[in-house]
Structures are given as C-alpha cells and as structure tokens.
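Novice: Dropping a structure here in structure tokens format, bear with me for questions.
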Amino acid sequence: MERLLSFFLYLVFAGFHAYAAYYARAIMPELPIAKGKGGINKFLTSWNLHLQTIYYYYAVIVAVFALITKAERNIFITIRDYVFGALVFPIGTYVSIVFWAMYNFDRRVIYPPVMDDYVPVAMNHAWHTAVAVFPIMEILLIRHHGYPNRLKGYAGLFSFKLVYLLWVFYLGIYHNLWVYPFMKMMSNIAFTVFILISVAIDAVFFEIGFRLGKIETPPIERSTSRKKKRN
C-alpha cells in the first residue's frame, strides 16, 4: 500500500513541478527582474524548483522499481532519502517561508508588483508554496529509511548553500548585479549577519525535517496495521 501511495504521490508531484519549471523557463526571461547575467538562475527559487523537479522525476523511477522488486531498502532509495532530507525538505521550506515572510513585510524587496503582470497568482504559489507543501506531505506520508544523520545532512545542505552564495557573490562583485536590491545597500557587517541568519534558518528547517523523518511509520500505515490486528 505504501509503495503504491509513494508512486502516485511522486507522479503527481513530478508532473506538477515539470509544468511549473516549464512555465518558469518560458516566462521568466521576459521578467524585468530576470534581465542581465544569470537570468532566472540568479534566484534561489529557480534553483529550488529545478532541484525538486529532478528529485521527483528520480523518485518516480525509484517508486516504479520498488513496486516491481517489492524492495523497501536499496541504494536508490537511500540516495532518494538523502537528497530529500539534506536538500529538498530544508531548501523547499526555506524558500517558501522566507519568501512569504518578506512578501508580507514588504513585497517590493522580493516580488515587486510588476510581477503580477507576468505571473498568475496560481503560478506564484506553484513556485513559492507548493515547494514546501509537497515535501511536508511526503515526510508525513512516506517513510524515509535512509534519512541522513545530522553530520551528512548538514554537509549536503551547507554545501548546496555555499555554492549558491558563491554564485550570488560572483554576480554582485564582478557584475555589480545583486540578486535582491537590498543586498547592495547593506554594509559588510549587515550582510554577514544576514547570511548567518539565513544559514541558521536553513538549520532550523533541517532539524524539523530530521525529527519528522525519524517517525518510522506514516499515519496511513499505522491505520492499516490497526485494522489488520482487529481482524
């Protein structure tokens, strides 16, 4: 039952993200904020969207393989669980929570009103809401036997974040093109504090995922087990 549920969930998530990524590639080059060096790939939203799209395509393949072989654990599932725990869950929730927090504080610093002329509300939620909702659904419904420990998980998460930050620094220092305008106005100390807070938020979301990932049996399987015992 769980393997079948995994397959259908991953199939829906993969299809949804494939369309969202396609729409992003089609429309984002026309956006004023996507002009210049890096294009849409300046934004963590784009990195996260492509990360999740690739991940869910891979997860579909792993789910099909699990249905055929009836395997609960193998190297492919371990890789899936590691990528989910170290990257997909913490990065996805970070992108969503931080985006909407800044949006409600002052949307001009992260998503100026002109964006509404190009991006439908539903697609904005696909880029900034579904990317957290899907991983949360997954971690509550699907077991992850290979969920990474803290050392390996933080290594993967912070490596990903370091690469992105180096990309941000490269664009800002060598091309005078900061991903978000407020970064250009920050002093060195303020920018350092901003980065440290960002990394701390990443760590918080990893910890949330780590604790949820340690729940061995998802609710749907507990319910099934209880019914079997009653019978």
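Novice: Go over the candidates 57, 103, 94 one by one and state the one that is in contact with an Asp or Glu (Cβ under 7 Å, 6 or more places away or on another chain), within 24 Å of residue 27 (Cβ to Cβ) and open to solvent by 10 Å² or more (accessible area, probe 1.4 Å).
Specialist: Going through 57, 103, 94 in turn, the sole match is 94.
Novice: If you go through region 143-167 one residue at a time, how many are in contact (Cβ under 8 Å) with a residue 12 or more places away in the chain and more than 30 Å from residue 215 (Cα to Cα)?
Specialist: Within region 143-167, residues that are in contact (Cβ under 8 Å) with a residue 12 or more places away in the chain and more than 30 Å from residue 215 (Cα to Cα) number 3.
Here is a yes/no grid of residues against (1) over 21 Å from residue 14 (Cα atoms); (2) at pLDDT 90 or above; (3) in contact with a Cys (Cβ under 7 Å, 6 or more places away or on another chain); (4) not acidic (Asp, Glu):
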{"site": "47", "(1), (2), (3), (4)": "no, yes, no, yes"}
{"site": "56", "(1), (2), (3), (4)": "no, yes, no, yes"}
{"site": "78", "(1), (2), (3), (4)": "no, yes, no, yes"}
{"site": "86", "(1), (2), (3), (4)": "no, yes, no, yes"}
{"site": "91", "(1), (2), (3), (4)": "no, yes, no, yes"}
{"site": "96", "(1), (2), (3), (4)": "no, yes, no, yes"}
{"site": "112", "(1), (2), (3), (4)": "yes, no, no, yes"}
{"site": "143", "(1), (2), (3), (4)": "no, no, no, yes"}
{"site": "149", "(1), (2), (3), (4)": "yes, yes, no, yes"}
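Novice: Any residue at all in region 29-47 that's open to solvent by 30 Å² or more (accessible area, probe 1.4 Å), among the hydrophobic types (A, V, I, L, M, F, W, C) and free of Cβ contacts under 8 Å to residues at least 60 places away in the same chain?
Specialist: no
Novice: Can you tell which of 157, 177 is in contact with a Leu (Cβ under 7 Å, 6 or more places away or on another chain), on the phi < 0 side of the Ramachandran plot and in a loop (DSSP other than H, G, I, E, B)?
Specialist: Only one candidate qualifies: 177.
Novice: Taking the stated definitions as given, is residue 139 surrounded by 15 or more Cβ atoms within 10 Å (Cβ to Cβ) and farther than 22 Å from residue 179 by Cα?
Specialist: yes
Novice: I've got another one for you. Taking the residues in region 181-231 that are among the hydroxyl-bearing types (Ser, Thr, Tyr) and modelled with pLDDT of 80 or more as candidates, determine which candidate is nearest to the chain's Cα centre (by Cα).
Specialist: The extreme case among them is 198.
Novice: Which one of these is among the small types (Gly, Ala, Ser), out of contact with any Asp or Glu (no Cβ under 7 Å at 6 or more places or on another chain) and open to solvent by 30 Å² or more (accessible area, probe 1.4 Å): 126, 122?
Specialist: The match here is 122.
The values are calculated or read from the model by the stated rules, or taken from the named source; none is laboratory data. Everything numeric here is computed off the predicted structure, so don't read it as measured data. Here the Cβ is made from the backbone with ideal geometry for all residues, glycine too, and neighbour counts use every protein chain on show. Heavy atoms of the whole protein, side chains included, go into the accessibility calculation; ligands, DNA and RNA do not. Shrake-Rupley method; radii C 1.70, N 1.55, O 1.52, S 1.80 Å.
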